[in-house]
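Computed from the coordinates by the stated procedures, all read-outs in this text should not be read as laboratory data. On a predicted model such as this, the values are computed, not experimentally measured, just so you know. Glycine gets a Cβ as well: all are built from the backbone with ideal geometry, and neighbour counts include every protein chain shown.
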Amino acid sequence: MANHKSAIKRNRQNIKKREANKLYKSTVRSSLKKARAAIVSGEKTAKDLTLASEKMLAKATSRGLLKKKTASRLISRLSKKLRKATK
């Protein structure tokens, strides 16, 4: 446990940030899941959901929640599925 005043504050900040990051990461995963489901079922909103997911992945990368190549890979796979489904 932290003993210095600054270390105690840093622990509080870390806990807050971890919760916020966990929430955002969960939201990103849910968005991907919805987009994939929409693509498989052939909904008209699939393209919009895919674009929203891509935007969220980009934002998560800029926040440092995901690595750049991980986000790139997920975006690539998602758009590949969308292209294949719309053919």
Given charges at Cβ of Lys, Arg, Asp, Glu: the chain dipole, positive-most of 66, 85, 7:
7
Contour excess over end-to-end distance, with Cα ends at residue 19 and residue 85 and 0.36 nm allotted per residue
20.2 nm
Determine the relative contact order of the chain: mean sequence separation of Cα pairs under 8 Å and six or more apart, normalised by residue count, in whole percent.
26
Cleavage-rule hits, GluC sites (Glu not before Pro), the range 5-60, DSSP coil, Cβ neighbours within 10 Å at most 15:
43
In this model, which of 25/80; 17/55; 22/67; 33/80 are farther than 18 Å apart at the alpha-carbon?
25/80; 17/55
HN-Hα J couplings of the range 28-34 from phi, Karplus 6.51/-1.76/1.60, θ = phi - 60°, integer Hz, Gly and Pro as x?
4, 4, 5, 4, 4, 4, 5
Packing-ranked peptide list from 62-72, 5-15, 27-37, highest mean Cβ count within 10 angstrom first, is 27-37, 62-72, 5-15
